[in-house]
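This structure is in structure tokens; I'll ask about it shortly.
The values are calculated or read from the model by the stated rules, or taken from the named source; none is laboratory data. The shown structure was predicted, so the numbers you read here are calculated from the model rather than taken from an experiment. All Cβ positions, glycine included, derive from the backbone under ideal geometry; neighbour counts span all protein chains shown. Heads up: the accessible areas ignore ligands, DNA and RNA and are worked out on the full protein's heavy atoms, side chains in. Shrake-Rupley method; radii C 1.70, N 1.55, O 1.52, S 1.80 Å.
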Amino acid sequence: MDPLALKTALGAGLLSFPVTPFGKDGSFNRAAYSDHVSWLSSFEASVLFAAGGTGEFFSLAPDEIPAIVSAAKAAAGNTPIVAGCGYGTRIAVQIAQSAEKAGADGILLLPHYLIDAPQDGMFQHVKSVCDAVSIGVMVYNRDNSILTAETLARLCDACPNLVGFKDGSGDIGLVRKITATMGERLTYLGGMPTAELFADAYLGAGVTTYSSAVFNFVPALAQNFYKALRAGDTATTNKLLIDFFYPFMNIRNRQKGYAVSAIKAGVRLLGFDAGSVRPPLTDLSEQEVAMLDDLIRPYRP
């Protein structure tokens, strides 16, 4: 996909990150993944992200990613597929190139591994990935990888295929400076865990879309929230926050890593063979799964 076409698609509606199913032996379960991605693609997500954060990118070997991208492309119909990418620069370049070869329409560059880095180093890191592929690239501000507005402006000048900025830092002041500085040069994505909890604040800062993790198992609910948000229907968004998203947050917050584990549990509750999360994450307890089952019952497709 042409980078500018991907930029338009990213801003055209709700986004989501399918979970990555694993079999009993811990390997990628392509058949289960294909079933789930095919189902999700019927609920009008504008872009799906393969092997992203909710897809346990951090637990995947780099050589597993092309097969996941290929499976997503085959199952998603006309829905564009963006591949997760990350780690150090050399590994990130290899992942980006292998994902492009596997058919990815774009790359989401997740935070680099472990250490903090100066702005000049992060500039070179992002530029190296952008230079290595012809498809569109998005950067993700989160944790130890925080680009300033000034560095992002340099990258926009140097990298024509840099088309998106995703924020999971929660620093609304920085986000607003970035959206004001770059304007329409980029598409802006909200990326806080359970993004619906922050969607109103991000919309006010110029971020018009976000990636919905719960779309994995309650896609109609996720779309209803997104459409109400964009329509300014606060009565609907407030009701859904109180009835679903805040109770879901309470389950998510019971253990570290449940922002992913709870999503995978929800997918299993809908009958998809998603398998367990890989270590170092852990699955929900039976009691917590029952709590989640009670919560999603009114919203099942």
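Distance between the C-alpha centers of region 6-56 and region 102-173? Whole Å please.
Region 6-56 and region 102-173 have Cα centres spaced 21 Å from each other.
Projected onto the charge dipole of the chain (+1 at Lys/Arg Cβ, -1 at Asp/Glu Cβ, origin at the Cα centre), which of S42, G23, G173 gives the Cα projection farthest towards the positive end?
S42
Would you mind working out the accessible area per residue for region 142-301, using a 1.4 Å probe, and quoting it in Å²? Present the calculation step by step, with values, prior to reporting the outcome.
Details: 6720 Å² over 160 residues.
I get 42 Å² per residue for this part.
Another question about this same structure. Go ahead and set up a Gaussian network model of the chain, Cα springs under 10 Å, then flag whichever of A61, A104, A274 fluctuates most.
Per the Cα network of the chain with a 10 Å cutoff, A61 tops the list.
So, taking all protein chains as they sit and a 1.4 Å probe, how much accessible area belongs to V163, in Å² rounded to tens?
0 Å²
Next question, about the same structure. When the helices in the chain are scored as -39500 (n - 2.57) per DSSP H run of 4 or longer and the sum is shared across all residues, what 222 nm value do you end up with, to the nearest 500 deg cm²/dmol? Spell out each step's value before the answer.
Working: 13 runs with 134 residues, N = 301.
The per-residue figure over the chain is -13000 deg cm²/dmol.
Could you sort F58, F244 by accessible area so the largest value comes first, with the probe set to 1.4 Å?
Heavy-atom accessible area, descending, gives F58, F244.
Another one. Quick check on region 97-252: what are the equivalent-ellipsoid semi-axes from the Cα gyration tensor, as sqrt(5λ), descending, whole Å?
Values: eigenvalues 170, 58, 45 Å².
With the √(5λ) rule applied to region 97-252, the semi-axes are 29, 17, 15 Å.
Still on this structure: Bins of 5 Å, beginning at zero and ending with the bin holding the largest distance: percent of Cα pairs per bin for region 40-80, please.
So the P(r) values, bin by bin, are 5, 24, 30, 23, 13, 5.
Assuming 0.36 nm per residue, please report the length gained on full extension of the stretch A158 to S46 beyond their Cα-Cα distance. It would help to have the intermediate numbers written out before the result.
Working: separation 112, 0.36 × 112 = 40.32 nm, distance 2.71 nm.
Gain on stretching A158 to S46: 37.6 nm.
Can you pull the three principal axis extents for the Cα set of the chain, in Å, largest first?
The Cα atoms of the chain stretch 50, 45, 36 Å along their principal axes.
Considering Cα pairs under 8 angstrom that are at least six residues apart, work out the relative contact order of region 95-240 and quote it in whole percent. Mind dumping the intermediate values first?
On the way: 198 pairs, mean separation 23.8, N = 146.
Normalised by residue count, the contact order of region 95-240 is 16 percent.
Could you sort Y188, Y87 by accessible area so the largest value comes first, with the probe set to 1.4 Å? Don't jump to the answer; show the numbers that get you there.
On the way: Y188 15, Y87 50 Å².
Accessible-area ranking of Y188, Y87, largest first: Y87, Y188.
Under a 10 Å cutoff between Cα atoms, tell me which one of G232, G55, G164 has the largest fluctuation in the Gaussian network model of the chain.
G232
Going from most exposed to least, what order do E286, E150, E64, E196 have by accessible area with a 1.4 Å probe? Could you put the intermediate results ahead of the total?
Working: E286 165, E150 100, E64 40, E196 0 Å².
Heavy-atom accessible area, descending, gives E286, E150, E64, E196.
Run the accessible area of the chain with a 1.4 Å probe and give the carbon-and-sulfur part as a rounded percent.
Numbers: 6450 of 12080 Å².
Ligands and nucleic acids excluded, carbon and sulfur give 53 percent.
Further question: From the Cα gyration tensor of region 172-292, with a ≥ b ≥ c the square roots of its eigenvalues, which class applies: rounded if a/c is under 1.5, or else prolate if a/b is larger than b/c, or else oblate?
On the way: a/c = 2.28, a/b = 1.70, b/c = 1.34.
Prolate, because a/c is 1.5 or more and a/b exceeds b/c.
Classify region 114-172 from the C-alpha gyration tensor, please: rounded if a/c falls under 1.5, else prolate or oblate depending on whether a/b exceeds b/c. Numbers along the way, then the final one.
Details: a/c = 1.68, a/b = 1.42, b/c = 1.18.
Verdict is prolate for region 114-172.
Taking the Cβ-Cβ separation of D25 and K177 as r and a Förster radius of 45 Å, what is the calculated FRET efficiency to the nearest 0.05? It would help to have the intermediate numbers written out before the result.
Working: r = 48 Å, r/R0 = 1.06.
About 0.40, to the nearest 0.05.
Indicate the gyration tensor shape class of region 1-131 (rounded, prolate or oblate), computed on the Cα atoms with a ≥ b ≥ c the square roots of the eigenvalues: a/c under 1.5 is rounded; otherwise a/b larger than b/c is prolate and the rest oblate. Provide the component values of the computation, followed by the final result.
Working: a/c = 2.02, a/b = 1.30, b/c = 1.55.
Note, shape of region 1-131 comes out oblate.
Still on this model: I need to check one value: relative contact order of the chain, counting alpha carbon pairs closer than 8 Å and at least 6 residues apart, in percent. Provide the component values of the computation, followed by the final result.
Working: 559 pairs, mean separation 56.4, N = 301.
Relative contact order here is 19 percent.
Taking C-beta distances below 4.7 angstrom as the pairing criterion, name the unpartnered cysteines of the chain, in sequence order.
C85, C156
Suppose every Lys and Arg Cβ carries +1 and every Asp and Glu Cβ carries -1, with no other charges. What dipole size does region 209-301 come out with about its Cα centre, to the nearest 20 debye?
Numbers: 11 positive and 8 negative charges, 53 e Å.
That gives a dipole near 260 debye.
Just how large is the dipole of the chain about the Cα centre, in debye to the nearest 20, putting +1 at every Lys and Arg Cβ and -1 at every Asp and Glu Cβ? Before the final figure, lay out each step's value.
Details: 24 positive and 28 negative charges, 29 e Å.
Approximately 140 debye in magnitude.
Place a +1 charge on the Cβ of each Lys and Arg in region 159-223 and a -1 charge on the Cβ of each Asp and Glu, then give the dipole magnitude about the Cα centre in debye, rounded to the nearest 20. Don't skip to the answer; put the middle values down first.
Numbers: 4 positive and 5 negative charges, 35 e Å.
With Lys and Arg at +1 and Asp and Glu at -1, about 160 debye.
Can you tell me which of P118, P62, P193 moves the most in a GNM of the chain? Springs connect C-alpha atoms under 10 Å apart.
P118
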